[in-house]
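Below is one structure, written out as structure tokens; comments come after it.
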């Protein structure tokens, strides 16, 4: 995603006022985020109040976000991302028509937080293509601690691929447990409850790729 600076404006134009480059970018960003938040909320069949309760924001704040009256912080987008079950990058779809190729350099994935995340459990989204090519949700998961007693089991539409990079763990899929070591790959239907089980050898790192319906 690339945002080009607007040229030809006075150097002394104050930030955030009409005519300044920052104002144009912020307005475009706010409008795109407003559309995406409303789209994802309606996809769930939720009211503004339902989403507010799910993500811990006030209804007033959500009304402002959906009407492009305010630009939410990254922390707010992370809360909306968790509640709506979409990657943070999904809120920026439509901002640029030059988003056909996404390059994420090593270590540059965007960190996201799950409500059940524990210290030593890191989740990094590796970007999502804009609709109608948004059929994959890749995430890099790094586990360096056994602080949590157990991982929650997840369910979602579509299918998922787990590719083990380092470490050793048992991965739960329905009533079965699979031993995963470096180089192992596991594919399954997302509707089946799944998630990490016993963490045998730390650190553990694996790539999780969800396949979803394009354009959702």
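A few remarks follow.
- Hey, residue 212 closer than 28 Å to residue 90 by Cα, touching a strand residue (DSSP E or B) at 6+ places or on another chain (Cβ under 9 Å) and at pLDDT below 95 or not: yes
- Note on region 3-58: residues that are at pLDDT 55 or above, surrounded by 15 or more Cβ atoms within 10 Å (Cβ to Cβ) and in a loop (DSSP other than H, G, I, E, B) total 2.
- Test result for residue 154, closer than 28 Å to residue 107 by Cβ and without any contact (Cβ under 8 Å) to a residue 40 or more places away in the chain: no
The values are calculated or read from the model by the stated rules, or taken from the named source; none is laboratory data. As the structure is a prediction and not an experimental result, all values here were calculated from the model. Glycine also receives a Cβ, built like all others from the backbone with ideal geometry; neighbour counts cover every protein chain displayed.
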